[in-house]
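To start, the structure under review is shown below, and the notes come after it.
Coordinate-derived values only; no laboratory data. None of the values given here were measured: they were computed from a predicted structure. Ideal geometry is used to build each Cβ from the backbone, glycine not excepted, and the neighbour counts take in all protein chains shown.
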Amino acid sequence: MSDTYLSAANLKKILFEIGTSLGVDNSDIDAKVDKVKKSEIIYLPIRHHSPGSTILVKKWIEKYEPKLILVEGPALADNLIKYMVERDTIPPIAILSLFADTNNTFGLNGILSPDKLVPAKFEAYYPFVSYSPELVALSEAIKKKIPIHFIDLPLTGLISCSSANLKDPSKKVDLFNIEGESIYNLSKFYKKFAQVFDFEDFNESWETLFEIGANKSDIDELRESMLLFCAFIRQTTDMKILKANSTLTRESYMKHNIETYKKKYKVKDKDILVITGGIHSIALPDTLPQSYPFPTKQLINSLVPYSYYRISQKSGYMSGNQAPQFYNSIWKKFTSQVEHPYSAVALEFITDIFKDARVKGNVVSISDSINSYQGAKMLAMLRRREEPDLKDVIDSIYMVLVKGNPEIEGKYLDSLIQEKSIGYKVGKVTKNIGRLPLQKDFYLQLEAHGIDPEEKVQQKIINLREEAESKLSQLFWKIKFLGIDYAHRLLGPDILKGDTGIFTEKWSLKWNPRIDAKLVELSTYGATLEEASKNMLVEETKKNVKNFGIITNLLFQSLSMGYTDHFKDLHKECLNSLEVDNQFLSLTEGFFNLIMIFQFMAMMGCSKDDMDLMEQLIQRSYYTCCFSIPNFANPPSGDEVKYIDAMKMLANTLISIQNIEIDLNVYIESINTCVENTSNEFIKGGTVGILYLLNYMKVKEIETLIYEYLNSIDSIKVKIGDLIRGLIYVCQAKLIFNQDIIRVLAKVVETIEWEVFSAILPPLRKAFSELHPTEYDIFVEKLAEHYGLIKRKHAELMDIVEEDVKNFFKIVDEKVKKIFEEWFGEV
Amino acid sequence: MEKKKVPQKSTTPKSFTKITPPASKNTSPSPPKKKPPTSKTTTTKKPTPALRKIPKISLGSNKKSSKTENEKIRFPAEELHKEELKALIQNDTYPKPPNWQLSPKMVELFITGSNEEFPLKVNGTQKKIKISTKFYGQRDLIQKSIVTLASERALMLIGEPGTAKSWLSEHLSAAISGTSTYLIQGTAGTTEDQIRYSWNYALLVSEGPSPESLVPSPTINAMREGRILRFEELTRCPQEIQDSMISILSEKVIPIAELGSEYLIFGIPGFNVVASANDRDRGVNEMSAALKRRFNFIYIPVIQDKSLERKIVLQRTNDLLTKIGFKIQIPEDTLDLLITVFQELRTGRSTSGGRFTPISTVMSTSEEISLLFDSAIYAKFFGKSEVQPKHVAMNLISAIVKDDKENLPKLREYFNMVARVRANKSDTWKEFANAFKKHATY
């Protein structure tokens, strides 16, 4: 029966068979594995976040009692080891390495950052879970007082050896895929292996071979099998790939560190245990040691709480663990010495999922649970596994519970399975580690305003007219701008949407452990919230200079953070942006933002100089917007509605604008040019509609235009549908209730040939479906009147109602004015 | 890779529950009796009935099959692939559920195919047999289907029409039971008798109800012999008829009330049911919750992978053409056009990103094969024995418009938005577009 399953025990024969079929020299592989086995220094292969590897490490240390342990991890982070294994540090955690190249050491500023003056920033996470072999090695070493060190290249070392590639934007360098598992998939041996056994991905292969049954395996045999598997992969991977992703450089640096620590501790080779990814273990005995220069000064290494979600591949961390919570359960079974850990976890997993499904109102019986567990075990058997893995379990759950298309009827299970397999656990880092300056500033600033930052949930109401309280608002805006998940605005003026009438803000404050991680991450921007937010503002401005809409938004945020002294700089950036942004949509968005910011500045009591500068900027952006309109007379297909919306919004803003001198004729002139230049009938209809709304075009002219189309050849006539749709989209009730227009539309339908009509039907249908149902009904009645089917009573009624409504609103206006005068004095 | 020989420790592994019917010895119809049976009939000691004789597979024999045999339009899978099945049986060393002729691993191999060659011994000689691929697509689906059939639950294959559900059901039955012909075809007119049992009315009138006058259904035969029963298009049957399967699936027993309360026909291990239903028909006769619970559902999706779809369509069409002795050329460009048109109409999205109204007709792979086959026949008789884009266009219109005339404007929309644009750049598309314009007149 043992041959029915794939496992470390029967792997050798299978691997050699595949090797032979690919023409791999099996004796060479054997020699390589033999060399590692015979090496005095013990090279122990592992996979990150792997309970199977962890059990191997734990048992190995217990059995062979090494006197020095060296682990694959960032070399300059040794100072963090003692905090990683402290009692009140709870995984998942991560070493976070940060580097801001303020001196432009690597010559990447302006290439990886938006401007030469903005330092390029780098960060790398090295996550650990409770069953990470590296973390268990650290913990065992500290417990047994064995010296232990990280030996891999630190972040600056990785940047250093990739800087040439990083300078070339055509090369997509995955600098921080440091575990390098993606290379496994490039090995022709692995491809063949996965094909023969129909493994979906590397996780499934590894799990089948080295995780299931790891608790019962002989550790020497398990190590040998891992080495053999990795040797085949290494042998059949292109050397260029290993060079390009820094694998070779890292290995020579690791070897250098092995030699250095060997001398330092004066231990014999046989007492040194080197724990690295399997792909390195096979190569290290033959690797020549080499040291590399790299900057260390601005390199920050810190320990941050991490989450299962981020470790899972769902968060984009490609060398992560697909189901951290599931493997945590496996690890627990390993440590409690359960004989069949995978089967035990499968049973728990299935019963948990079924229980939750039941709670959510699904009909799930005990028989379903039994069938699913039985199914998982049988699927495992078919897939040559001794016990069911996560894939078998999930497949069996869907098989039993989903009575239809899994993509539709199995949707409810997705979130349940994700919750149980990935989990929501967030780690914790001991307070003994101390805080970085930015962290300290965050807590001090909040405390200075009488806020206990670590209180779970609290709310603050701020009167913006009180200076002290407006300072607090500015602090919250800084926190929000930096992307720290702490302060959320629930209520307040929405300036950019034209809502300036409220003087109160309501903020919800909620602390969570991720805040510290974020603050550590942001440390490359500065030591205080003010410095960090200003630097980020500069970086964002440089990054988005070609989008006037975003730049003006940043100007608003800068003012909200209280950086009035920064206004002139940002004003300059806005002018630069106007020069280089040639997109009508972002230009109009920016123009609208500026109008709103102008009102906000007046409310804040900004200086006259600043207000004048702002007025000039608005005028300039207005002209830029207008001049760009004809350039977009023929927008990309599918974007027509966005452009017409922007032109309409511009028209509405111009009608309502006060206190700023602008020449409406420039806009009208541009719209007229657009009407002439466009070959897109929807745009033509829309722009003509705008002219009609602004009283620059009469109904008669619209009639003439429609008749021109109607009397043309068929290829032009078919465009009449889009023209009418553009007109109705912009004008809606203001145009289609007009009897002359109704007459023209009726004429179109009456005279047009069937073939042409079938072509114009879709845009016409769309045009009328965009009307409000009431508008639609009135239009139908008016059309009936046109054909003499009903009398013209509705229109008369509408005239009366319109007049009454006007009178009613006049009275309301007067009353509101009186109330405002009572509240604020004369308005 | 050389095949690994696995020593077989036990023919009944622990993971497969052996079903022991309480009165298995009485499951066969008794020999003719003059008197109607009494309750004592359940205790009569008859030997276990011989299993229904499955057509014996003659291997390596020089004896020619009869003319009628050769003239069969279609052979069941177990006959078509008899050598493959025999080779797998001879080389099967994995554990088998009771009464399965192959282990689950070998059933999987039979369906998915293998490059590995298996030795087959026939009349003292040995030859190598390669296992052909019967079902393309996700291997997981096959594995889940096999696991279900080895469990207490029945298997329901659902999906769009033309996704090879019946094909899969037939091959699974052939591999597991050695026969795929215990079959009930579900229709609106299917009766409970066809599912459970009926009577020989001449005998019934003359002798009264007796085991001899009982006409067993495919269900009873499959139960008695521990084989797979196929139930095609289950949801086409009215719900009350479908529900007659509930006791069969849960109790694995059919009581024959007319022969006395104790006359029961028990299923023996190996008996299970593979049903199929079209996703689109499910609303017609929705299954009851009680019946659904007795099934594990496996959804067979429409093939999304263009190259796989291309491979299947070409292989199956060529198989059909070979069967009728036609050799017709299918140029690559024309085949590509067909696959592209089907994939785009199915999703309502062109490969260049354009959107249009999707067609309501089923755009399955089997529909594609049928369309290509029809085009090939047309090319043979009215063309130059080469399928041309115009043949595809002609057949496409009739294939799509057949059950819903609303599809014609949708097809025109596709033609205007996609085909006409491509016609400017490609001769294949130009011919297709011209033919479409000519024929899309109604």
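A few points about this structure:
- Mean separation of Cα contacts under 8 Å (6+ apart) over length of chain A, as relative contact order %: 11
- Each label was represented as a point 7 Å from its Cα along the Cα-to-Cβ direction; for residue B:430 and residue A:335 these points are 7.3 nm apart.
- Candidate cross-link partners of residue A:266 among the lysines, defined by an alpha-carbon separation under 20 Å and a same-chain spacing of 8 or more, comprise A:67, A:144, A:145, A:255.
- Applying D = kT/(6 pi eta Rh) to the range A:435-525, where Rh is the Kirkwood radius over alpha-carbon pairs, T corresponds to 25 °C and eta to 0.890 mPa s, the Stokes-Einstein value obtained is 178 µm²/s.
- Over the range A:435-525, relative contact order from alpha-carbon pairs under 8 Å, at least 6 apart, %: 36
- Furthest towards positive pole of dipole, A:586, A:484, A:706, structure part chain A, Cβ charges: A:484
- Computed per residue of chain A from DSSP H runs no shorter than four, each worth -39500 (n - 2.57), the mean residue ellipticity at 222 nm is -18000 deg cm²/dmol.
- Sequence-distant lysines (8 or more away, or on other chains) whose Cα lies within less than 18 Å of residue A:478: A:440, A:460, A:506, A:510, A:518, A:534
- Taking the inverse of the mean reciprocal distance over all distinct Cα pairs, the Kirkwood hydrodynamic radius of the range B:256-389 comes to 18.7 Å.
- The string of couplings for the range A:528-545 from the Karplus curve (6.51, -1.76, 1.60, θ = phi - 60°) is 10, 4, 5, 4, 5, 5, 5, 5, 5, 4, 4, 5, 5, 5, 5, 5, 10, 4 Hz, one whole number per residue in order, with x for Gly and Pro.
- Relative contact order %, the range A:556-802, counting alpha carbon pairs below 8 Å whose residues are six or more apart: 14
- Residues listed by number, the range A:567-602, amide nitrogen under 18 Å from residue A:489 label point at 7 Å toward C-beta: A:567, A:590, A:592-602
- Scattering profile of the range A:324-421 at q = 0.10, 0.11, 0.14 Å⁻¹ [log10 I(q)/I(0), Debye over alpha-carbon scatterers]: -0.25, -0.30, -0.49
- Straight-distance candidates among the aspartates and glutamates for linking to residue A:431, with alpha-carbon spacing under 15 Å and chain neighbours fewer than 8 residues away dropped: A:86, A:88, A:454, A:516.
- Dipole moment magnitude, nearest 20 debye, the protein assembly as shown about Cα centre, only Lys, Arg, Asp, Glu C-beta charged: 5980
- Furthest towards positive pole of dipole, B:188, B:141, B:161, structure part the range B:114-194, Cβ charges: B:141
- Fraction of antiparallel bridges per DSSP, the protein assembly as shown only, in percent to nearest 5: 55
- Shape category assigned to the protein assembly as shown from the gyration tensor of Cα positions, a/c cut at 1.5: oblate
- Magnitude of the charge dipole for the range A:216-373, about its Cα centre and with charges confined to Cβ atoms of Lys, Arg (+1) and Asp, Glu (-1), is about 740 debye.
- Label-point gap, in nm, between residue B:250 and residue A:464 - each point 7 angstrom along Cα→Cβ: 6.6
- Computed from the alpha carbon positions, the gyration tensor of the range A:595-740 leads to an equivalent ellipsoid with semi-axes of 35, 15, 12 Å, biggest first.
- Between the range B:221-300 and the range A:336-395, the Cα center-to-center distance that results, in Å: 26
- Residues of the range A:621-647 with an amide N closer than 17 Å to a point placed 7 Å from the Cα of residue A:655 along the Cα-to-Cβ direction: A:644-647.
- At an R0 of 30 angstrom, the distance between the Cβ atoms of residue B:243 and residue A:411 translates into a FRET efficiency of 0.60.
- Label reach from residue A:740 (point 7 Å along Cα→C-beta): in the range A:657-699, amide nitrogens under 16 Å belong to A:688-699.
- Spatial separation of Cα centroids for the range B:333-371 and the range B:378-442, in angstrom: 12
- Entries in A:188/A:243; A:243/A:263; A:37/A:263; A:420/B:144; A:717/B:410 that, when Cα-Cα distance is taken, lie over 24 Å: A:243/A:263
- Residue order, fewest to most surrounding Cβ atoms within 10 angstrom, among A:299, A:771: A:771, A:299
- Residue exposure sequence - A:304, B:421, A:393 - by fewest surrounding Cβ within 10 Å: B:421, A:304, A:393
- Dipole magnitude of the range A:556-802, debye to nearest 20 (Cβ charges: Lys/Arg +1, Asp/Glu -1, about Cα centre): 620
- Sorted by Cβ density within 10 Å, fewest first, the residues B:415, A:442: B:415, A:442
- A Förster radius of 51 Å combined with the Cβ-Cβ distance from residue A:238 to residue A:612 puts the calculated FRET efficiency at roughly 0.20.
- Charge dipole (the protein assembly as shown, unit charges on Cβ, about Cα centre) - positive-most of A:394, B:436, B:73: B:73
- Semi-axis lengths, Å, the range A:556-802, gyration tensor of Cα atoms, sqrt of 5 times eigenvalues: 41, 21, 14
- For the range A:598-610, putting each phi into the Karplus relation 6.51 cos²θ - 1.76 cosθ + 1.60 with θ = phi - 60° gives couplings of 4, 5, 5, 5, 4, 5, 7, x, 5, 5, 5, 4, 5 Hz, in residue order, rounded to whole numbers and with x for Gly and Pro.
- When the trypsin sites (Lys or Arg not before Pro) in the range A:444-507 are filtered for DSSP coil states and for at most 14 other beta-carbon atoms within 10 Å of their beta-carbon, the remaining sites are A:456, A:465.
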